[in-house]
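Here is the structure we will look at, set down as structure tokens.
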There are 2 protein chains.
Amino acid sequence: MSGIIGYIGKGEAFPVLLHGLNRFEFRGYDSVGTGTISNGEFEFHKHAGKLKDLKEKLGDNTPKGHIGIAHSRWATHGISNELNSHPHVSNSGKLAIVHKGIVENYASLKEKLVEEGYKFHTETDTEVLINWIEHIQKEGDLNLLEAIQVAMNQVVGAYSLIVIDKEENAMYAVRKGAQLVIGVDKDAYVVATDSAPLSTLTDEVIYMEEKDVYRLAHGEEIKVLNLDNITKTPIIEKLEEALETIEKDGYDHFMLKEIYEQPQMIIDSFRGRMNASEGWVRLGGVNEYRNKLNKAKRIIFGACGTSWHAALVGEYLIEELARIPVEVEYASEFRYRNPIIDGDDVFVAISQSGETADTIAAIELAKENQALIYGICNSVGSTISKMSHAGSYTHAGQEIGIASTKAFTTQVVILTLMALQLADYKGNLSKTQLNATLFELEQIPEKVRKILKLDDEIKAIAKEYHQANNFLFLGRGACYPIALEGALKLKEISYIHAEGYPAAEMKHGPIALIDENMPVVVVANNDSAYEKIVSNIQEVKARKGKVIAIVNEGDTVIKGIADHVIEIPATLEIFAPLVSVVPLQLLAYHIAVWRGADVDNPRNLTKSVTVE
Amino acid sequence: MSGIIGYIGKGEAFPVLLHGLNRFEFRGYDSVGTGTISNGEFEFHKHAGKLKDLKEKLGDNTPKGHIGIAHSRWATHGISNELNSHPHVSNSGKLAIVHKGIVENYASLKEKLVEEGYKFHTETDTEVLINWIEHIQKEGDLNLLEAIQVAMNQVVGAYSLIVIDKEENAMYAVRKGAQLVIGVDKDAYVVATDSAPLSTLTDEVIYMEEKDVYRLAHGEEIKVLNLDNITKTPIIEKLEEALETIEKDGYDHFMLKEIYEQPQMIIDSFRGRMNASEGWVRLGGVNEYRNKLNKAKRIIFGACGTSWHAALVGEYLIEELARIPVEVEYASEFRYRNPIIDGDDVFVAISQSGETADTIAAIELAKENQALIYGICNSVGSTISKMSHAGSYTHAGQEIGIASTKAFTTQVVILTLMALQLADYKGNLSKTQLNATLFELEQIPEKVRKILKLDDEIKAIAKEYHQANNFLFLGRGACYPIALEGALKLKEISYIHAEGYPAAEMKHGPIALIDENMPVVVVANNDSAYEKIVSNIQEVKARKGKVIAIVNEGDTVIKGIADHVIEIPATLEIFAPLVSVVPLQLLAYHIAVWRGADVDNPRNLTKSVTVE
């Protein structure tokens, strides 16, 4: 996802901008650009590709100047190329902008500007934005702060932006729907999408509030206007988060490191929240809203991508154990409906980053309808965690690999605890059942460790199939979402078209795809539909598909039919998803590596999707 | 969709009648009946259900005789039972008839017959017809050929019929508005609704002309009178059409024929169930269980494959209009869970054939849990229709193409009516809104006809992409299921790996698949998320994907971005799924044809999945 950064101060702008872009790298991007002012003139550098290539290109000829802005872009409008890279400049050549997010009404604004004689050199909404500001400024003879305030009232969308004027020693920043943080140092201001680029520079920050427009000038007082034209006073806070040094710990990729961290992160996520020998489970948030949750008419999950798969597992667990009806919604779809939700419902939002734009918008809608909001996030202090009435953090630690792994398993841990706690409140579980279940949960990290030892075996299977163009993943019950997740991992990092299906649904259409070139991964470690899944495997084999099955240790039936079996330790049915996803993560990882793909930075993807 | 057949000759009549009924099977039917003459007495067999059940019932005791008539009946309105099945017999017991079509003035004829002392055992117009012939014969002391000629001059309607007299070795046939063909063999005559049952018996046929009455007797010359009492000479021709062509009405494939039948089948499915000018909508089943449905805590849909996609559209419509929470389940998954469902819930089962094994099992489970069962099927008298407390038939006629098309659109029509009726009960719609919505529904068949005229344009697009290995289909809101359905059609008949996604979800993973080789079909004819879907298209184009968009006529924005647009008539948001699926059906069809695939018999698939 895009990141923007701006610097104004006594020092050189460019090194700070580079440092910031570097910190954004984990967000994913396809192009970068910088703009600095020196002697009243702009100097721009744009590059479609990685930051290090830009650095190499520049060598020692780094641009000078005490003011600058920069951008790392994840293309939403227009192909990724240097022309479309930020910063963009206004028609007069005076104003430059970097921008993150989407302008929804850019087409109509552009039309008006074209009528006024404005020319456009790119397909971007960003170029429309800077010219719209210029147009408003000229038309109303306003100063730039006023012009931005007026212009932004007419721009529809969720975005943040930084503007500089080559004739003025100042920098302007707007937050509308996308976070911006200002680092305050005695000699400089740095504005950025998040605090990652700031932490090594200063520990004093301003978290810009929604709809605020800032004017920052070195040696001058900060001016703040909100979009309603009310002057505000900025609040300076201490930056408390320490930025951990991120290393791969000897692993080839962050993704692999994170797959291997799962036993520990699963422990971290349940530790202190349950006790097997004493037979209790307690998530603080669930406890706090115990009555409301107990009486919930429906629990509605809203999530995207991998988190949506975790929600599907949650649906299964909560319905099975707590007997509360659950509905799982794509957050992006929920928000554009007129959903049936009210004060008797609970809305559970799941997001690793806690910044997923679609999920945030869905929460807002659920909140308007009086639902209780329960957030399950990994990033402490994230927007979603702040918006929620209650919630639980997954303790997965920072996840850098763009393909989510440990965030998923820890989300499933939290959802399992939630289901057990609600079931316990309702008296659906005997003391013995609860104890036994929690005892088994305590064994899961060790079972995952055993699965990780199958790495070489999985690597060999991956080698055999890494040139396949297509994959199907099948599962049943709580392992159907695992089939979806296994397919998504493969899509994300290997660019193989992989699709997940409930195993029995295959015969209603997708079975037409199966021939001798189609590998089919079957998750068959849950007991309840074992015989049916054996039939499904036979259906695939009858059409000459290649079957790779995840089975429980000691399985003999499937072993006799499938082309490959990956034997994993048996567990209770409700924990089957938690263990069976791990071999699928490894399979996707190794296939991607065999294909020579850039595992940690897959094309087109970004870690946290903060545009809608 | 009825079919009639008659035999007279040296051989046994019954096997020929059975063969004929078998050939009619593609027309669909819900009851069959036969009548043969042996030793001057009639022997009748009637069965409400499938032909094979009749065969089983008879075993080796098949009726004997060298003369016989038979009928297969497809009830679109009203019940099918043995009483109403053909053949029907005259009061004297001498004459028997099978008849296809409608007698418009049967009420007045019946009145006169009742005055004359005739008794009636059924409500059918057919029984009136045979007695009217008997009455004319007796009154005028005419031979049967003359009597039929006179009687038919007084009967208003479009029909064809075959009559036999148990005391005479002859068979009579009349064509008036509905085709009849006579197969001529040296040893026998066979009369039938079309040449399908004849083609394996003889290649010499007489295509009966309008208003002709035939007398066929073995070893005697054929006599032909027309209704104006003029004697004619029959013309014997060579049967040239292949059987398949006859059944396909000139289309290359059943699937294409069925796609083109949709305007009529949509009309058949709403006709009599709503009235736009009077502003009412009434599905009998919904009316019958009005209170239960009105108070439903949740409506749970259970279905598989294409029907599951219809259920997703139904979810959107019912939640949006009737404000009742809806959950859509894969029938195959539902049945292996311990689902949360009780007497306050309604379980809606959707299945074209009414014989889908997984759906039947899901109904059993829902029934055990006291839920009201509502069936939506196409096959009258199918297992699901019998298991349901209430239900509505789609009036799609027999669907032969394995890839379902008209069954889907008519399912959506029924679900739309259901949503509107429930919304009306709840007072969620003003009279004006309801009228306007129903008025627009009446326009849909004409709009679908317009879309069918885009066939050549779609064929050209199909040609361009028919070698693609993968496709993505994107949609939002009620058109997200249409994206799924479009992808399923392509999977089923072209074996291309196609996958549907909610458009906004793409950026959470599948976008990694997009490069210059990936065609992306975007359903963009629903207005509510138009700007968002424009952004989604931009995201695809930014990664060089090829975009084929379904848009409303006159769209300019997407036209400027997409590689191809298919412009279809605009309609209300709730009808967007109903119209946008049609171009996707054509696209899948033409791609499969360009690839040389066997459209009507795709590999690995079966029409109705009656195994689990």
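How much of the accessible area of segment A:293-368, in percent, comes from carbon and sulfur atoms when a 1.4 Å probe is used?
About 44 percent, which is the carbon plus sulfur part of the accessible surface.
What figure in square angstrom, to the nearest 10, would you give for the accessible area of residue A:479 with a 1.4 Å probe?
Its accessible surface works out to 0 Å², give or take rounding.
Within a Cβ distance under 11 Å of residue A:208, other residues only, what is the Lys/Arg minus Asp/Glu net charge?
That works out to +1.
Which percent, to the nearest 5, of DSSP beta bridges fully inside the protein assembly as shown are antiparallel?
Once the DSSP bridges in the protein assembly as shown are tallied, antiparallel ones form about 60 percent.
State, to one decimal in nm and shortest first, how far the label point of residue B:515 sits from each corresponding label point in the other identical copies (label point: 7 angstrom along Cα-to-Cβ).
Counterpart label points of residue B:515 in the remaining copies fall at 2.2 nm.
Hey, can you find the accessible area per residue of segment B:244-449 for me, probe 1.4 Å, expressed in square angstrom?
31 Å²
Structure shown: which of A:295/A:367; B:406/B:447; A:507/A:541; A:110/A:166; A:186/A:238; B:176/B:223 lie over 20 Å apart, alpha-carbon to alpha-carbon?
A:110/A:166
With Cβ to Cβ distances under 13 Å as the rule, what net charge do the other residues near residue A:94 carry (K, R +1; D, E -1)?
After counting each charged neighbour, the total is -3.
Tell me, what is the FRET efficiency for residue A:294 and residue B:432 to the nearest 0.05, using R0 = 45 angstrom and their Cβ-Cβ distance as r? Walk me through the intermediate numbers first.
On the way: r = 43 Å, r/R0 = 0.96.
The value I calculate is 0.55.
Calculate, for residue B:203 and residue B:43, the FRET efficiency according to 1/(1 + (r/R0)^6) with r their C-beta to C-beta distance and R0 22 Å; round to the nearest 0.05.
According to the calculation, E is roughly 0.10.
Taking +1 at the Cβ of each Lys and Arg and -1 at the Cβ of each Asp and Glu, which of A:523, A:495, A:480 sits farthest along the dipole of segment A:453-600 towards its positive end, judged by Cα position relative to the Cα centre?
A:495
Find the percent of Cα-Cα distances in segment B:3-241 that exceed 31 Å, and round it to a whole number.
Counting pairs separated by more than 31 Å, the tail of P(r) holds 15 percent.
Nearest 0.05, what FRET efficiency do residue B:563 and residue A:228 give at R0 = 60 Å with Cβ-Cβ as r? Numbers along the way, then the final one.
Working: r = 43 Å, r/R0 = 0.72.
Result of the calculation: an efficiency of 0.90.
If you place +1 on the Cβ of every Lys and Arg, -1 on the Cβ of every Asp and Glu, and leave all else neutral, what size is the dipole of segment A:244-449 about its Cα centre, to the nearest 20 Debye?
It works out to roughly 600 debye.
Just the number, please: percent antiparallel of the DSSP beta bridges in chain B, rounded to the nearest 5.
60 percent
Evaluate the distance, in nm, between pseudo-label points positioned 7 Å from the Cα of residue A:139 and of residue A:455 along their respective Cα→Cβ axes.
6.1 nm
Dipole of segment A:490-607, Cα-centred, from +1 at each Lys and Arg C-beta and -1 at each Asp and Glu C-beta, to the nearest 20 debye?
With Lys and Arg at +1 and Asp and Glu at -1, about 340 debye.
Rounded to the nearest 500 deg cm²/dmol, what is the calculated helix-only ellipticity per residue at 222 nm for chain B, with -39500 (n - 2.57) per DSSP H run of length n ≥ 4?
On the way: 20 runs with 222 residues, N = 612.
After summing the helix terms and dividing by residue count, I get -11000 deg cm²/dmol.
Counting only protein heavy atoms and rolling a 1.4 Å probe, how much accessible area do A and B lose on contact, total for both sides, in Å² to 100? Could you put the intermediate results ahead of the total?
On the way: alone 24190 and 24500 Å², together 42420 Å².
That pair of chains buries around 6300 Å² in total.
Have a look at B:269, A:283, A:225 and report the one farthest towards the positive end of the charge dipole of the protein assembly as shown, computed about the Cα centre with Cβ charges (Lys/Arg +1, Asp/Glu -1).
A:283
Towards the positive end of the charge dipole of chain A, with charges on Cβ (+1 Lys, Arg; -1 Asp, Glu), say which of A:236, A:154, A:331 has the farthest Cα.
A:331
Show which lysines lie in cross-link reach of residue A:57 when reach means a straight Cα distance below 16 angstrom and same-chain residues fewer than eight apart are skipped.
List returned: A:46.
Using each residue's phi in segment B:485-493, evaluate 6.51 cos²θ - 1.76 cosθ + 1.60 at θ = phi - 60° and report the 3J(HN,Hα) Karplus result to the nearest Hz, with x for Gly and Pro.
Result, ordered by residue: 5, x, 5, 5, 4, 5, 3, 4, 9 Hz.
Please give the peptides B:336-347, B:180-191 ranked by average Cβ packing (other Cβ atoms within 10 Å per residue), highest first, as a rough proxy for protection.
Ranked by mean Cβ neighbours within 10 Å, highest first: B:180-191, B:336-347.
Probe of 1.4 angstrom, ligands and nucleic acids ignored: what's the accessible area per residue over segment A:3-241, in square angstrom?
For segment A:3-241, the per-residue accessible area is 39 Å².
Can you give me the accessible area per residue for segment A:454-612, using a 1.4 Å probe, in Å²?
Heavy-atom accessible area per residue stands at 28 Å².
Using a label point 7 angstrom from Cα along Cα-to-C-beta, what distances in nm, from shortest up, separate residue A:10 from the other copies?
12.0
Quick one: dipole size for chain A, taken about the Cα centre, charges +1 on Lys/Arg Cβ and -1 on Asp/Glu Cβ, in debye to the nearest 20.
Using only the charged Cβ atoms, the result is roughly 940 debye.
Under 12 Å from the Cα of residue B:546, which aspartates and glutamates turn up, not counting those fewer than eight places away in the same chain?
Leaving aside aspartates and glutamates fewer than 8 places away in the same chain, those within reach of residue B:546 are B:464, B:515, B:516, B:563.
In nm, what does the list of distances from residue B:440 to its counterparts in the other copies look like, shortest first, when each label sits 7 Å along Cα to Cβ?
Here the equivalent label points are 5.1 nm apart from this one.
The values are calculated or read from the model by the stated rules, or taken from the named source; none is laboratory data. In this text the structure is predicted, and so the values were computed from the model without any measurement. As a convention, Cβ positions derive from the backbone with ideal geometry for all residues, glycine included, and neighbour counts pool all protein chains shown. Ligands, DNA and RNA are excluded from the accessible area calculation, which covers all protein heavy atoms including side chains. Shrake-Rupley method; radii C 1.70, N 1.55, O 1.52, S 1.80 Å.
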